[in-house]
Amino acid sequence: MAAIKLTTPLTDEDIMGLKAGDSVFISGEIYTARDAAHKKLYELIEKNQQLPLDLQGKIFYYVGPAPAKPGQVVGSAGPTTSGRMDAYTPAMLAQGLKACIGKGSRDEATKKALQEYKAVYLAATGGAGALLAKKIKSIEPVAYEELGPEAIQRMVVEDFPATVINDAYGNDLYEEGRKKYSRK
Amino acid sequence: MRELDVTVVTDAIAEMCKESNYFLGQDVVDALKNALEKEVSPAGKEVLRQLLENARIAREEEVPMCQDTGFAVVFLEIGQDLHLSGGDLTEAVNEGVRRGYTEGYLRKSIVKDPLDRVNTKDNTPVVIHTEIVPGDKLKIVLAPKGGGSENMSIVRMLKPADGYQGIVDFVVDHVEKAGPNPCPPIVVGVGIGGTFEKVALLAKKALLRRLGQPNANPYYAKMEEAILSRINELGIGPQGFGGRMTALAVHIETYPTHIASLPVAVNINCHASRHVERIL
Ligand code: SF4
């Protein structure tokens, strides 16, 4: 288990240096995307049409922040359950997406696609929304503003903490961690 | 007969929405500190440290501890000698949530129709459970419930022959399947008995008990301990990163049941275990 600083955009080299269980601290840009935005992007990919943003080297953050209080950049902003994005994720990875941040397990197809396209799945601490919001320095809409809280937004982050769950070598921290500490 | 204007209820609920989302209960904070001491996995310890830090930030800055500020579930115990006047009680409760969630910068997470899924934009309607009780007071409990942990809930009609062991196995297997999804460390509410709908409500009410306070019946208090220790042997750990502290507590609530039935329900709460109480 290492603590690794990552700067966006991510390269294949960055990805191959990550192992399940590593802590990472991300600085640079990450993009918010939830169910509705995934669905829209997926439909464009299916039809071979241009996406509103280039996914090459990018990181998606599955989040629906709380409204910002006056003086706040963004309201509490912890991860949402990733499984809901499984159906769309392999297609995003094929477009060059290098990492996604959420919480909870991924399906087999997503895990395989992470290996195939050299990408990683990261978890941020679910429920630590107030803490994670402090790592977000700015936020601006990029696409699908009509989706309100589900729009795609660019967040500039500094030392945003996450943990590698699925690496590009096929390792899975949720499975390994459980095996290691199980006393069944 | 005592009179209470429903606008008093609205004001109380609005405050309670903010309070419950900003201030993690001291019982949960203590349980997280205790878990940090006992946890052996480094990744698990780091999660627990982050959660304690998160609770501190939320409290000091008066911001929601989690962005999912939940479905507002409201329990009302209405004294039978109390007269609620000045308007519709249900609407007064909804108005309180509308105000609390808007003024408090809390996320609006409710969609009007389960299939066409358009957001109501003010976090209403609430789910209300009312009980008529002796006396002339109104007791309100507000428990905002996050979607991630609520989705990991289940009701099963076991056979009476499944008995004690059947219940323990069912609950532990279920928590194992939920794994990292409900944001462990979790609080496990278990309902046993009653009917199909009663048992779900028992499980939800079990989550309202102060953490660490065992069931008043020693038999069920032992069962709570037994289930907790089995869950904490699963290895899931904080956030599912591996570790011993998967659950902070198991609370069981029971009710008489039919000779043919053994209903069991599991309602999981995340570490953002939120509930506040007021007596008016
Ligand atoms: S399960 Fe609880 S802590 Fe996790 S995101 Fe949902 S409300 Fe927040």
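Within the accessible surface of the range B:1-98, defined with a 1.4 Å probe on protein heavy atoms only, the carbon and sulfur portion equals 49 percent. Model label sites at B:Glu19 and A:Ala68, defined 7 Å from Cα along the beta-carbon direction, differ in position by 3.0 nm. Spin-label pair B:Arg278-B:Ser261: with each label point 7 Å from Cα along the Cα-Cβ axis, the two points sit 3.5 nm from one another. Within the protein assembly as shown, A:Cys100, B:Cys17, B:Cys66 have no other Cys Cβ under 4.7 Å of their Cβ and so lack a disulfide-compatible partner by this rule.
Largest GNM mean-square fluctuation across A:Lys118, A:Lys135, A:Lys69, computed for chain A with C-alpha springs under 10 Å, falls on A:Lys69. Principal axis extents of the Cα atoms in the range A:3-181, from largest to smallest and rounded to whole angstrom, are 44, 39, 26.
Scale the Cα Rg of the range B:146-208 by the rule-of-thumb value 2.2 N^0.38 Å and send over the ratio, two decimals. Intermediate results must be reported in sequence, preceding the final value.
On the way: Rg = 11.8 Å, N = 63, 2.2 N^0.38 = 10.6 Å.
Working it through for the range B:146-208, the quotient is 1.11.
Averaging 1/r over each pair of different alpha-carbon atoms in the range A:2-79 and inverting the result gives 14.9 Å, the Kirkwood hydrodynamic radius. Please work out the C-alpha center-to-center distance from the range A:32-61 to the range B:59-83 and express it in whole Å. The range A:32-61 and the range B:59-83 have Cα centres separated by 37 Å. Prolate is the label for the range B:148-273, because the ratio a/c of its alpha-carbon gyration tensor axes (a ≥ b ≥ c) is 1.5 or higher and a/b is greater than b/c.
Below 14 angstrom from the Cβ of B:Val168, what's the summed charge of the other residues (Lys, Arg +1; Asp, Glu -1)? Please report the intermediate quantities before stating the final value.
Values: positive: A:Lys184, B:Arg156, B:Lys222, B:Arg230; negative: B:Asp162, B:Asp169, B:Asp173, B:Glu176, B:Glu224, B:Glu225, B:Glu233.
Taking every Cβ under 14 Å from that of B:Val168, the sum is -3.
Label sites at B:Ala161 and B:Glu225, each approximated as a point 7 angstrom past Cα along Cα to Cβ, lie 3.2 nm apart.
Which of the three applies to the range B:56-117, rounded, prolate or oblate, going by the alpha-carbon gyration tensor with a ≥ b ≥ c and a/c under 1.5 meaning rounded? Here the range B:56-117 falls in the oblate category. With every protein chain in place and a 1.4 angstrom probe, the accessible-area ranking of B:His275, B:His174, B:His258, B:His251, largest first, reads B:His258, B:His275, B:His174, B:His251.
Projecting the Cα atoms of A:Ile4, A:Ser138, A:Ile45 onto the charge dipole of chain A (Cβ charges, centred on the Cα centre) puts A:Ile4 farthest toward the positive pole.
From the alpha carbon centroid of the range A:1-23 to that of the range B:115-192 is 38 Å. For chain B, the alpha-carbon coordinates run over 53, 50, 39 Å along the three principal axes, in decreasing order.
Take every pair of alpha-carbon atoms less than 8 Å apart whose residues are at least six positions apart; their mean separation over the length of the range B:8-166 yields a relative contact order of 32 percent. Between the listed residues B:His271, B:Val127, B:Gly70, the Cα displaced farthest toward the positive end of the dipole of chain B, a dipole computed from Cβ unit charges relative to the Cα centre, is found at B:His271.
Are there trypsin sites (Lys or Arg not before Pro) in the range A:1-57 that DSSP marks as loop and that have at most 16 other Cβ atoms within 10 Å, and which are they? Write down the numbers at each step before the final one.
Working: sites: A:Lys5, A:Lys19, A:Arg34, A:Lys39, A:Lys40, A:Lys47; in loops: A:Lys19, A:Arg34, A:Lys47.
Answer in residue order: A:Lys19, A:Lys47.
Report, to the nearest whole %, how much of the accessible area of the range B:163-244 belongs to carbon and sulfur atoms, 1.4 Å probe, protein only. Mind dumping the intermediate values first?
Numbers: 1670 of 2920 Å².
The value for the range B:163-244 is 57 percent carbon and sulfur by accessible area.
Between A:Met92, A:Met155, A:Met16, the residue with the greatest mean-square fluctuation in the GNM of chain A (Cα pairs under 10 Å linked by springs) is A:Met16.
Taking A:Pro90, A:Pro52, A:Pro70 in turn, the Gaussian network model of chain A (Cα-Cα springs below 10 Å) assigns the largest fluctuation to A:Pro70.
Please give the charge dipole size of the protein assembly as shown, origin at the Cα centre, charges +1 on K and R Cβ atoms and -1 on D and E Cβ atoms. Round to the nearest 20 debye. Write out the running numbers ahead of the final one.
Details: 55 positive and 60 negative charges, 170 e Å.
In debye, rounded to 20, the protein assembly as shown gives about 820.
Might you tell me the accessible area per residue for the protein assembly as shown, computed with a 1.4 Å probe and given in Å²?
Values: 19470 Å² over 464 residues.
Roughly 42 Å² per residue, with all protein chains present.
Along its principal axes, the range A:81-184 has C-alpha extents of 46, 31, 21 angstrom, given from the largest down. What's log10 of I(q)/I(0) for the protein assembly as shown at q = 0.08, 0.11, 0.13 Å⁻¹, Debye sum over Cα points only, no solvent? At q = 0.08, 0.11, 0.13 Å⁻¹ the computed log10 ratios are -0.47, -0.89, -1.21.
The values are calculated or read from the model by the stated rules, or taken from the named source; none is laboratory data. Bear in mind that the values here come from a model prediction, so they are computed numbers and not experimental data. Reconstructed Cβ throughout: ideal geometry from the backbone, glycine too, with neighbour counts over all protein chains shown. Calculation scope for accessible area: heavy atoms of the full protein, side chains included, ligands and nucleic acids excluded. Shrake-Rupley method; radii C 1.70, N 1.55, O 1.52, S 1.80 Å.
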